[in-house]
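The values are calculated or read from the model by the stated rules, or taken from the named source; none is laboratory data. The shown structure was predicted, so the numbers you read here are calculated from the model rather than taken from an experiment. Glycine also receives a Cβ, built like all others from the backbone with ideal geometry; neighbour counts cover every protein chain displayed. The area values use the complete protein model at the heavy-atom level, side chains included, leaving out ligands, DNA and RNA. Shrake-Rupley method; radii C 1.70, N 1.55, O 1.52, S 1.80 Å.
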Amino acid sequence: AQVTKSLTRLQAAASASGFEVDDVKNMMKGFSAALVATEGDTRNFNGVMLALGQVMGKGKAAAEEIRGQIGERLSIVIPELAESMGKTTRELDKMFDDGKVTVQNIVDLGVHLEEKYGKSAANILKSQMNAGERLKYELSRLSLAVGPLFENIGAGFQNLGSKIVQGLTPAIEALSELLDLTETAQ
């Protein structure tokens, strides 16, 4: 449930920033593959999704989220980001300092990670020893596919809730006035 929630937030933030569903899917496939291939499992998936959602929501790629929140869960993120941009890590540090690392760079990093780690991750997930990780990975892919559906359903429930509250407010106000009148009459 938490993964679906994080992916839904990520998709909403990405859409608000002008990115397409396919951009987010490709980015997530890459980050998932890198997590499996380099960290050995997907236990850090939700944290990475949350941080990516923050990046998308802010509309900028701050070093805090990339180095800190994502880097703590996916240790290769900084060297791979530098490589995907054709920069050294020192040049990347300077770009972070100057605010020149963009959300598009992070989306492109996801594609880079998929190209570099996708086959390795698939092989790891195919092994019988990693059946549990394979299930987690497939569930994360399912959540990514279902997330946009829940986003629309969630928005529908919120709109319905607003209409119900809007309709109840005058009735509650009228009841409150009636009770005040009754108390004064006694």
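Residues being closer than 24 Å to Gly18 by Cβ, at pLDDT 70 or above and surrounded by 16 or more Cβ atoms within 10 Å (Cβ to Cβ) are represented in region 113-123 by at least one member. Please verify whether region 90-105 includes one or more residues that are open to solvent by 40 Å² or more (accessible area, probe 1.4 Å), at pLDDT below 95, within 21 Å of Thr8 (Cα to Cα) and assigned to a helix (DSSP H, G or I). Yes.
Looking only at region 33-80, which residues are part of a helix (DSSP H, G or I) and among the charged types (D, E, K, R)? Even if it seems obvious, please write down each step before you answer.
The first filter runs over region 33-80 and keeps only residues part of a helix (DSSP H, G or I), leaving 33-39, 45-58, 63-70, 77-80.
Scanning region 33-80 gives Glu39, Lys58, Glu64, Glu65, Arg67, Glu80.
Scanning region 14-35 for residues that are open to solvent by 50 Å² or more (accessible area, probe 1.4 Å) and of a type in the set (A, V, I, L, M) turns up Ala16, Val21.
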